[in-house]
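So the structure is just underneath, and the comments pick up after that.
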Amino acid sequence: MKKVFPFVLLVIASPVAAEDLGIKPGLWEVHPISQVVDGRDVIADMAAQREKMQKSLANLPPEQRKKMEAALNGISQVCITPAMAAKAMPMMEAQGSCPPTNMKRNGASTSFEFQCANNGRTTVGKGERTINGDNMHTRVEMTSTTGQKTVNMKSESEMVYLGQDCAAK
């Protein structure tokens, strides 16, 4: 199986736009809609693996089982700090070392491009995010190259605002 690169897509607007568009500091839950790597539907693969693991999860305590099921579904939680919400650009990964370029805002939607070089890997792509209240919808297309190996990925996700308290993460 091909390795999926650990990109976390957090799309953050400027302080004024953040308030206008409802980007709130706090805990957000990320729900993957689709992730296709080199033409292969990774989410479908995860669903097949999840079915195999369901029997072993049945023996876990309810709270632990719920966490494991969320992880198997690709659901994760992200804390957006006030400083992150105040930034004028999307964060393409957790360290914030890949600033986007060519950002264009049209109403509640923002399109952007990015190009990063980290640890011998170059990643180039584009994306769009739309905010509607406590929901952020994001689509990204990217190509990552490490040495002679190139991986193409398309992903789509929905983020849902859970509240101000990031301690629940």
*Within segment 129-149, restricting attention to residues that are part of a loop (DSSP other than H, G, I, E, B) and touching a residue at least 24 places away in the same chain (Cβ under 8 Å), which residue is surrounded by the most Cβ atoms within 10 Å (Cβ to Cβ)?*
Asp134
*Give segment 133-163 a look and list any residue that's under 20 Å from Ile23 (Cβ atoms) and modelled with pLDDT under 90, or say none.*
Gly133
*Identify all residues within segment 95-132 that are more than 18 Å from Met153 (Cα to Cα) and at pLDDT below 85; write none if there are none.*
Gln95, Gly96, Ser97, Pro99, Thr101, Asn119
*Of all residues in segment 23-57 being under 30 Å from Ala167 (Cβ atoms) and among the charged types (D, E, K, R), which is farthest from the chain's Cα centre (by Cα)?*
Arg50
_What pairs come out if I take residues in segment 150-167 that are over 12 Å from Pro25 (Cα atoms) and pair them with residues that are among the hydroxyl-bearing types (Ser, Thr, Tyr) and surrounded by 15 or more Cβ atoms within 10 Å (Cβ to Cβ) whose C-beta lies under 6 Å away, six or more apart or interchain?_
Val151/Ser144; Ser157/Thr138
*What single numbered condition from (1) farther than 19 Å from Asn135 by Cβ; (2) modelled with pLDDT of 85 or more fails to hold for Asp45?*
(2)
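The values are calculated or read from the model by the stated rules, or taken from the named source; none is laboratory data. Fair warning: this is a prediction, and the values are worked out from it, not measured in the lab. Virtual Cβ from ideal backbone geometry, glycine too; neighbours counted across all protein chains shown.
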